[in-house]
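First the structure, in the form of structure tokens, and then the observations on it.
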Amino acid sequence: MVTEFTSEARPARAGAREWIGLATLSMPTMVAFLDLTVMLLALPHITVDLGANALQSLWIVDIYAFMIGASLVTMGRLGDRVGRRRLLLIGAAVFGVFSTTAAFSASPMMLIVTRAGLGVAAATFMPCTLALIRTMFPDPKQMAKAMGIWTTAGVVGLCLGPTVGGLLLNSFWWGSIFLIAVPLMALLLMTGRALLPESRDENAARIDLASVALSLVSILGIIYGLKELARNGWQVTPVVVAVVGVLVGVVFVRRQRRLPDPLVDVTLFRIPAVVGALAVLMVTGIVLAGSGLLIAQYLQLVEGLSPLASGLWMVVPTLVLIVCVQFFVPMATRLRPGWVLIGGLLISAAGMLVVSRVPPSGGLVIVIVGVCLIYGGVSAVPAISNQLTMWATPPERSGAAGSLTTTSGELGNALGIAAIGSLATVLYTSWMSVPPGVPDGAAAAAREDLSGAVAASGTLEPSLGAQLVTAARESFGSALNGVAIGCAVTLVVLAVAVYATVRHVKPIGSEAPEPEPAAPRDVAAAAERK
């Protein structure tokens, strides 16, 4: 397959209706990402009010992301078959109903089931909105701008979740964090049919239910296993679950190769631009999720900030990201997209090096400067990577392509929390030196992680407790520095990989795009069509 961003006939330019429609498409994207993080501050209130135990509290938080990751591929393919606008509106209606139910949940199990339903409904948003953006903005330069706006909406929802949750909890009960989605979903239902076009694959066959089951088991198993390993360390059950997920994934891929109309077109992975774009999304997800977890712990446990204050401080990097998205994404219409991505990745690597210089305490300004560089550098990654994937994919399979990009990001987040979280724990444990005189129980808790050390210090005589906290913060600071250096190296290696896979793609909208090397099977198929 040849990747092209233009045709001989100049593509039609979008008008006011399409731009207003883009605002409509941005609403469900923002809400879906907002629901990922808005729970962080509300969870203690929910736990007390519903009487949830520790395991139920974890499932209340995690089940939403689990079901999004497990359902994306299926929803992308379903949108290709039944129509992306139709599926998006159905998903919005279901999301509104489940949001209302979640707000008035009477038990932990009721909230867990409702959050699972919200995850399935949210999985319709990303692939459908990406596919509709491609349909509404055929002009590559306009599409670059539209992708930037859409990406900004998702990032704003993700980053502002804790802040929004804190503001609502100051005046209302915990159910208000779910009810804010209801009017936005109602607005989408009222305006979507008038503003959004319908698009589908007219030749789509029935969805293979066996493939759906295999994809669900594979993705759920991998994400669950990795998250549990990150949270509780190496244990038999999560390792077995993750391995089973990988093996089922292998079976899934082999089945897709044999099906005449697969759930996922695995031949897309032969296109260098697609492989490069998905790799960038996954690896940056790994780096950002893992390092973000450690930075959040640093702000609260080292600098002593409240969750709300931490969220407010993180508004600064979020604003930097929003500005940089509007700057970097249009650059891909003038420069090669690969060079824009490489430049952004190197800026983020520099930000990681800044974070690697953070002291054990008093490093708030250094952390925020480093995170600003990290966020600014990766700001263009989602928009440009999504665009590369979508334009390298046949229009009738754009829903499935959209699900691949979002699934890559979800797997990256899970891998990041698991891999980087585990690495930080190993580094912290190896460098942690418990002061003499600390009882065995408190010492064991302090060696596990920084939060354990802070909690254990409260049971000790003040001076000894202060020594324990100081030692733990020094060890955590060293672990954060080491992880940041590792992330910087990873981003540099990723920049090299982007050069190897995406350098052939000319600026988006250029008149003579440079073709990528076609696989032998693609050449044969093209000859057969002639």
Roughly what percent of Cα-Cα pairs across the chain reach past 39 Å?
24 percent
Using a Förster distance of 30 Å, how high is the FRET efficiency between residue 334 and residue 499, based on the Cβ-Cβ distance and rounded to 0.05?
0.95
Principal axis dimensions, largest first and in whole angstrom, of the stretch 39-194 by Cα
52, 30, 26
Step through the residues of the stretch 244-260 one at a time and calculate ³J(HN,Hα) from phi using the Karplus curve (6.51 cos²θ - 1.76 cosθ + 1.60, θ = phi - 60°), rounding each to whole Hz and writing x for Gly and Pro.
4, x, 5, 5, 5, x, 5, 4, 4, 5, 5, 5, 5, 5, 8, 7, x
Starting from the Cα of residue 431, step 7 Å along the direction of its Cβ; do the same at residue 346; then give the gap between the two resulting points in nm.
2.8 nm
At what distance in nm do the modelled label points of residue 258 and residue 107 sit from each other, each positioned 7 Å from its Cα along Cα→Cβ?
4.3 nm
Residues whose placed amide H lies under 5 Å from that of residue 139, excluding near-sequence neighbours
14
How big is D for the stretch 135-178, in µm² s⁻¹ as a whole number, if Stokes-Einstein is applied with the Kirkwood radius of its Cα pairs at 10 °C and 1.306 mPa s?
127 µm²/s
Order by neighbour count: 187, 87, 364, fewest other Cβ atoms within 10 Å first, most last.
187, 364, 87
DSSP loop GluC sites (Glu not before Pro) with at most 13 other Cβ within 10 Å excluded, longest remaining stretch of the chain
203-510
So the label point goes 7 Å from the Cα of residue 182 along Cα→C-beta, right? Which residues of the stretch 78-97 then have their backbone N under 15 Å from it?
93-97
Would you kindly derive the ³J(HN,Hα) couplings of the stretch 286-303 from the backbone phi angles with the Karplus curve 6.51 cos²θ - 1.76 cosθ + 1.60 (θ = phi - 60°), listing them in order in whole Hz, with x for Gly and Pro?
4, 5, 5, 5, x, 5, x, 4, 5, 5, 4, 5, 4, 4, 8, 8, 9, 7
Could you please rank 352, 39, placing first whichever residue has the fewest other Cβ atoms within 10 Å of its Cβ?
39, 352
Once phi is turned into θ = phi - 60°, what whole-Hz ³J(HN,Hα) does the Karplus curve with 6.51, -1.76 and 1.60 give for every residue of the stretch 192-198, x standing for Gly and Pro?
x, 5, 7, 9, 9, x, 9
Calculated FRET efficiency for the pair residue 440/residue 237, C-beta based, R₀ 35 Å, to 0.05
0.80
In Å and from the alpha-carbon atoms only, list the Rg and Dmax of the stretch 295-357.
15.2, 45
Give me the number: length gained by fully extending residue 319 to residue 455, i.e. 0.36 nm times residue separation minus the C-alpha to C-alpha distance, one decimal in nm.
45.6 nm
For the stretch 208-262, average projected area of the Cα convex hull in nm²:
3.4 nm²
Two-site label geometry, residue 207 and residue 492: point separation in nm, points 7 Å out along Cα→Cβ
4.5 nm
What ranking do 490, 425 get, fewest neighbouring Cβ atoms within 10 angstrom at the top?
425, 490
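Rule-based calculations on the coordinates, nothing more; no lab input. Being a predicted model, the structure only gives us computed values, none of them experimental. Ideal geometry is used to build each Cβ from the backbone, glycine not excepted, and the neighbour counts take in all protein chains shown.
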